[in-house]
Each structure stands twice: as structure tokens, then as C-alpha cells.
Amino acid sequence: MEKRIAIIGGGIVGATAAYYLSILPGSEQTQVTLFDDGTGQATTAAAGIISPWLSKRRNQRWYRLAKAGAALFPELMHRARLGTDVYQQTGTIVTREVPTDLETLFDLAQERRQSAPTMGQVTTLTAAEVQAKVPLLTNPQPGVFISGGARVDGATLVNGLLAQATAKNLTIRHERVSFTSDGQVVTSMGPRQFDRVIVAVGAWLKEVVAPLGVTAAVRPQKGQLIELNVKDYPLQENMPVVMPEGERDFVPFGHGKLIVGATHEDDGKFNLAVDPAVTQDLLGSAQRLMHDVTADNITAVRVGTRAYTPDFAPFFGPIPEHEAILVASGLGSSGLTTGPEIGRLLAGSALYGGTPDWSEYELPLTTYLTSSAE
């Protein structure tokens, strides 16, 4: 008997779930429909760094999830046959100006590498060695280089995964949908019943699940980044990503394309307008790293909305009392790292059912979802 699955939200979680629902055993008997109106999606605005290993966050559940997400990427890219324009292990450099801080960072990297072999090689670099790896920099700092770090372009990743799934069993509908109180999906063609629904709408989760009598503890945060046209170094197209101390992230994509950002604007919420003051702040950060860049180098400004929870931790799984509806939200600024692993896990749950134990990655969903019946 054919199983019908809906995905609401076509960002990193929804796209990865759709991809896995097209290749997992049993997908041949599954029809998947993805609904997304494209408004404010964080993933399509994002160009990110896959390098969670030196994070200062003390949440070990988050760290285990992020570590699993980073480990999944090479396998996912190979299986989906996506190229270096989407994802590339260029390595990452985390800088520290004070020598003792650099030593502490290196020691942390060595410690975490014991349980994360995908980190690759870990070495310290002088400022001159950092500049040699990233010649765009005119004001480099010393840092720790992690060879397994990578950079990823959110929009091309999502488009690539959805294209693969569409060739098999996915239909995409560009519209906003809602729920009835009993869990049917209200579409432009009326209410429809699905065997399973995956809701991956980020900061919009609160309004989407409200008709179910469920309150989601998520809030929106605006993020902006700038894209710059810079000098092309044909022999160094694989420049590492730089996470400079006190500055915005610095993500070279080769061929003269550089991304700087992103911001974390709690007041911006769902406002998707470009803020010139923020653009200038991002440019200022770039100029402190490379002196010859000006506003004329800016080719684009990307704006999106992320979702955060009160404890800054993501959550995902079946809604209590609505077991056929699975949700994911609260990924924050690490969505490109954790999102693919969450999407993979949700796809398996939607396809095979059961009650998987994801407690190693998250607190109980009742921490973030409350029912009006309670």
C-alpha cells in the first residue's frame, strides 16, 4: 500500500528529509509532497561553515548532534553526487591573537579529535602561515587549522537535494499551508490527509502548529551576510574558511567570491529588508581583515530568519499526542551543520514509524512543545 508523506518547509531539514525519503528502502512505495512558499528561508540565505568541533557551547547533546552532522556531510555529498560548488572540505582556521589563548584552543582541538576523526589534521599556524593559506587577508592573525572543516552553500545544497528527490517520488508545491485541528493539511485544493507529516518551517513553527492546540517555544532571529567580489587566486581556489577572533566569519568560495557574516539580530525577527547599517558593519569587519575591499565590492546581501529556543538547543521528533506529525526547529545558526542529520532521522521515522530514542541529541520535546489540553 502506498504511503503518502508531506513535508512542510523546503529548507535544509525539509530538503534532506525529502532526499532520504527518495532513496531509503521502501521509498518506492512512497509519494512525498513538499510545501514551501519560500519566504524568509534561512537555508537559501546561508553560506556556512561545517566545523563544530571547537565550539564553546557546553550543551553536549548539541555537540553530539553537530558532530554527527559534520560526519554525515561527505557521505551525503557523495551519494547525492553534489559537487564542490555545494560543499568542499577546504579546512577551517580559527584565530586567536593571544599566544596562551591559541595554545588553549589547540589543546581543545587535540582533545576533541580523539572522538571526532573527521576533524582530520590539527595544526597551529603563525599569522604569516595563515596569510599563505588565505592570501586575501592583509591583516591575518595566528590560528588553529582543522583540515576536516568545510564550507557549504545553503541554496545550492537545497536545490541539489530537491532535484534528486523530484526525479524519483517528490512533488513540490509552492504554497503556504496550515493544519486543521485534527491534523489534516489545508492546501489550496482543500484539506488533505497524509500518513505522516514533517514540519520543518523554522521560526514559523509556532503559527503552523497552533491549530493543533500546540504551543512551540521558538523565536525568530534575523541574519544577514554580504557577498563580495574579490581578487581571484586561480592556484588557491580551495582557501580555508576563517573564523577570526572578534570578527564575522570569512568564507571564500573561489573564483573571486567571498561571503562575510552572518549577523544575529534579535530585534529583526521576520523583517527581511536589507539594513544598510548592518551591511556597513559587515563590510567593516571585512575591511579589518583585508584593507583593499570597499562597498563597490559588494555584489549581494542575503537575509534570512533563523529559529531559536529559550535554551538555544534544537528539537525534533513526533509531536506528543499527534504522533503522525513530526517537527524540527530551533536549529539557530548551526542549521547547515545539524540540519542534514535531523532530516535524515526524521525521514527514517516518517517512513518506518516506531518511537526512536533521540535523547542523546535533545531534551524531551515537551521541553519546547506544550499542549493546550495540559
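Could you list all residues from region 283-299 that are open to solvent by 70 Å² or more (accessible area, probe 1.4 Å) and not hydroxyl-bearing (Ser, Thr, Tyr)? Residues satisfying the conditions are Arg288, His291, Asp292, Asp296. For region 254-266, taking the residues that are part of a strand (DSSP E or B) and not acidic (Asp, Glu), the one that is most open to solvent (accessible area, probe 1.4 Å) is identified as Lys257.
Condition check for Glu75 on (1) closer than 18 Å to Met119 by Cβ; (2) free of Cβ contacts under 8 Å to residues at least 12 places away in the same chain; (3) outside any helix (DSSP H, G or I): one failure, at (3). For region 268-287, state whether one or more residues are at pLDDT below 95, closer than 22 Å to Val208 by Cβ and among the hydrophobic types (A, V, I, L, M, F, W, C). Yes, region 268-287 contains a residue that is at pLDDT below 95, closer than 22 Å to Val208 by Cβ and among the hydrophobic types (A, V, I, L, M, F, W, C).
From the list Thr124, Thr156, Thr118, the lone residue that is among the polar types (S, T, N, Q), within 15 Å of Phe73 (Cα to Cα) and in contact with a helix residue (DSSP H, G or I) (Cβ under 6 Å, 6 or more places away or on another chain) is Thr118.
Of all residues in region 222-250, exactly one satisfies the criterion of being of a type in the set (Phe, Trp, Tyr) and open to solvent by less than 10 Å² (accessible area, probe 1.4 Å), namely Phe250.
Here Gly190 fits the description: among the small types (Gly, Ala, Ser) and either under 30 Å from Lys3 (Cα atoms) or open to solvent by 60 Å² or more (accessible area, probe 1.4 Å) (or both). Restricting region 224-250 to residues that are of a type in the set (A, V, I, L, M) and outside any loop (DSSP other than H, G, I, E, B) leaves a set whose member that is farthest from Ala6 (Cα to Cα) is Leu235.
Table: residues versus (1) open to solvent by less than 60 Å² (accessible area, probe 1.4 Å); (2) part of a loop (DSSP other than H, G, I, E, B); (3) among the charged types (D, E, K, R).
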{"residue": "Pro252", "(1), (2), (3)": "yes, no, no"}
{"residue": "Gly268", "(1), (2), (3)": "yes, yes, no"}
{"residue": "Asn271", "(1), (2), (3)": "no, yes, no"}
{"residue": "Val274", "(1), (2), (3)": "no, yes, no"}
{"residue": "Asp281", "(1), (2), (3)": "no, no, yes"}
{"residue": "Val301", "(1), (2), (3)": "yes, no, no"}
{"residue": "Ala307", "(1), (2), (3)": "yes, no, no"}
{"residue": "Pro310", "(1), (2), (3)": "no, yes, no"}
{"residue": "Glu323", "(1), (2), (3)": "no, no, yes"}
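The test for being among the aromatic types (Phe, Trp, Tyr), touching a residue at least 40 places away in the same chain (Cβ under 8 Å) and either open to solvent by less than 20 Å² (accessible area, probe 1.4 Å) or assigned to a strand (DSSP E or B) (or both) holds for Phe316.
Looking across region 50-104, not a single residue is open to solvent by 70 Å² or more (accessible area, probe 1.4 Å), in contact with a strand residue (DSSP E or B) (Cβ under 7 Å, 6 or more places away or on another chain) and on the phi > 0 side of the Ramachandran plot.
Suppose the filter is open to solvent by 30 Å² or more (accessible area, probe 1.4 Å), acidic (Asp, Glu) and more than 24 Å from the chain's Cα centre (by Cα); does Glu111 pass it? Yes. In the set Ala165, Ala132, Ala127, Ala150, only one residue is among the aliphatic types (A, V, I, L, M), at pLDDT 95 or above, within 30 Å of Val98 (Cα to Cα) and open to solvent by less than 30 Å² (accessible area, probe 1.4 Å); that residue is Ala150.
The values are calculated or read from the model by the stated rules, or taken from the named source; none is laboratory data. For clarity, every value in this text was computed on a predicted model and none was experimentally measured. Cβ atoms come from the backbone with ideal geometry, glycine included; neighbour counts cover every protein chain shown. Quick note on the areas: whole protein, heavy atoms, side chains included, nothing else; ligands and nucleic acids left out. Shrake-Rupley method; radii C 1.70, N 1.55, O 1.52, S 1.80 Å.
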